[in-house]
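To start, the structure under review is shown below, and the notes come after it.
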Amino acid sequence: MNRKTLLSVAVLVEGGLFLTGYLLLGDLRTEVWATIRVSWIATGYVLLLCLPMLIALYITMRTTWPPLSRLREEMDEKVGPIFANSKLVDLAVIAFFAGVGEELFFRGWMQSALIGKFGVWLGILIASLVFGFAHYLSKEYAIYAFITGIYLGLIYYVTGNLFIVMAVHANYDFIALIYVVRKGKQKTENLTAQENM
């Protein structure tokens, strides 16, 4: 897929999630919208709360444990090629829209509605389960997304600040996409070099 098509599709899908979440909020719209609070302290939390996700990514990319090795292979084979032609600015835009759109939909609307019906823990678990299924590329990838959803859901519940969750998600996606794309390019360069020997 060429980069302009990918960028357009990503913005439409993630922007669509944002719009859908915003519309579904209904009476909760003002309450949830008020939780988007940008500040220097919130930005500091974003940087700290990204660290566990980046450590998990690092471990996933280095471990030989079979479930995480399979996850790494899925990312290399399915995610890397999708974004292979993307420029840095494309990855930043895609990550931004993913963080904002998905978090308004899954945490702002879905998790808030589910907590209202089923309580905190079940609300976070159900929203995270749906988040995991929405990212289904394989069983391992869906489980990784489910765990990520729980983490993001807890951040939103504890901080009460949707900006923090949106920014953590967007920053993680941006760094993960850069890593996966660069890894794919290095692999291609290594194969090309071996063929030319």
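The values are calculated or read from the model by the stated rules, or taken from the named source; none is laboratory data. None of these values were measured; they are calculated from a predicted model. Quick reminder, even Gly has a Cβ in these numbers, built from the backbone with ideal geometry, and neighbours come from all protein chains shown.
Numbers at a glance
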read-out: Inter-residue pairs, beta-carbon under 6 Å, first in contact (Cβ under 8 Å) with a residue 40 or more places away in the chain and in the stretch 1-28, second exposed (fewer than 15 other Cβ atoms within 10 Å of the Cβ), 6+ apart; value: R3/N85
read-out: Residues of the stretch 70-86 that turn out to be under 16 Å from the mean Cα position of the chain (by Cα) and more than 12 Å from S138 (Cβ to Cβ), as a count; value: 3
read-out: Helices (runs of 4 or more DSSP H) wholly inside the stretch 1-77 containing at least 1 residues that are surrounded by fewer than 17 Cβ atoms within 10 Å (Cβ to Cβ) and among the hydrophobic types (A, V, I, L, M, F, W, C); value: 3-25, 29-33, 40-62
read-out: Restricting the stretch 118-156 to residues that are among the polar types (S, T, N, Q) and at pLDDT 95 or above, the residue that is nearest to M75 (Cα to Cα); value: T148
read-out: Count of residues meeting criterion [among the aliphatic types (A, V, I, L, M) and more than 22 Å from T159 (Cβ to Cβ)] in the stretch 89-142; value: 8
read-out: Residues satisfying the stated conditions in the stretch 96-131, i.e. more than 16 Å from Y172 (Cα to Cα) and among the small types (G, A, S); value: G108, S112, A113, G116, G119, G123, A127, S128
